[in-house]
Amino acid sequence: QVQLVESGGGLVQPGGSLRLSCAASGSIFSILDMGWYRQAPGKQRELVAAITSGGSTNYADSVKGRFTISRDNAKNTVLLQMNSLEPEDTAVYYCKIRAGASEYWGKGTLVTVSS
């Protein structure tokens, strides 16, 4: 079984920062892509940022220049540094990994940006 555990969400004021972490455990032989998605109330889940096994990154236009994704392959961990947070960033953030032909999702962590 593969488990993804996210942490780091919470309440932050506009302009503030948070760092999300996602640790994968279980029978994982080779993680390919890792990424963060988010789903705001009443909206569809969307890609926030992704990183390949080689370190190539991809960001949603709305977060470019503010968010940074990184990974630690030795620890099967993916991080999302979020700076200059805006109320529009409020959502549940989900971690996803692709390992072989399978995809795995975390249960999500809530990020609320509000004054």
Mean separation of Cα contacts under 8 Å, 6 or more apart, over the residue count of segment 37-115: relative contact order %:
24
The whole-number value in µm²/s of the Stokes-Einstein translational diffusion coefficient for the chain, with Rh from the Kirkwood sum over alpha carbon pairs at 4 °C and 1.567 mPa s, is 92
Given unit charges at Cβ for Lys, Arg (+) and Asp, Glu (-), the dipole magnitude of segment 52-115 about its Cα centre in debye, nearest 20, is 260
If you count only protein heavy atoms with a 1.4 Å probe, what accessible area per residue comes out for the chain, rounded to a whole Å²?
55
Between the alpha-carbon centers of segment 38-56 and segment 64-113, tell me the distance in whole angstrom.
7
Residue farthest toward the positive end of the dipole of the chain, with Cβ of Lys/Arg at +1 and Asp/Glu at -1: which of V63, N76, W36?
N76
Counting only protein heavy atoms with a 1.4 Å probe and every protein chain in place, the carbon and sulfur fraction of the accessible surface of segment 6-115 in whole percent equals 47
Non-local residues with an amide H under 5 Å from the amide H of T90, with H modelled 1.01 Å from N and Pro and chain starts lacking one, are V113
With charges set only on the Cβ (+1 for Lys and Arg, -1 for Asp and Glu), what does the dipole of the chain come to about its Cα centre, in debye to the nearest 20?
140
Within the set G42, G26, G100, GNM on the chain using Cα springs under 10 Å gives the largest fluctuation to G42
Taking a cut-off of 24 Å between Cα atoms, list the lysines near K107, but don't count ones fewer than 8 places away on the same chain.
K43, K75, K96
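The values are calculated or read from the model by the stated rules, or taken from the named source; none is laboratory data. Everything numeric in this text was worked out from a predicted model, so none of it was measured. When we count neighbours, we look across all protein chains shown, and the Cβ atoms used for this are built from the backbone with ideal geometry, even at glycine. Areas reflect the complete protein model, heavy atoms only, side chains present, ligands, DNA and RNA absent. Shrake-Rupley method; radii C 1.70, N 1.55, O 1.52, S 1.80 Å.
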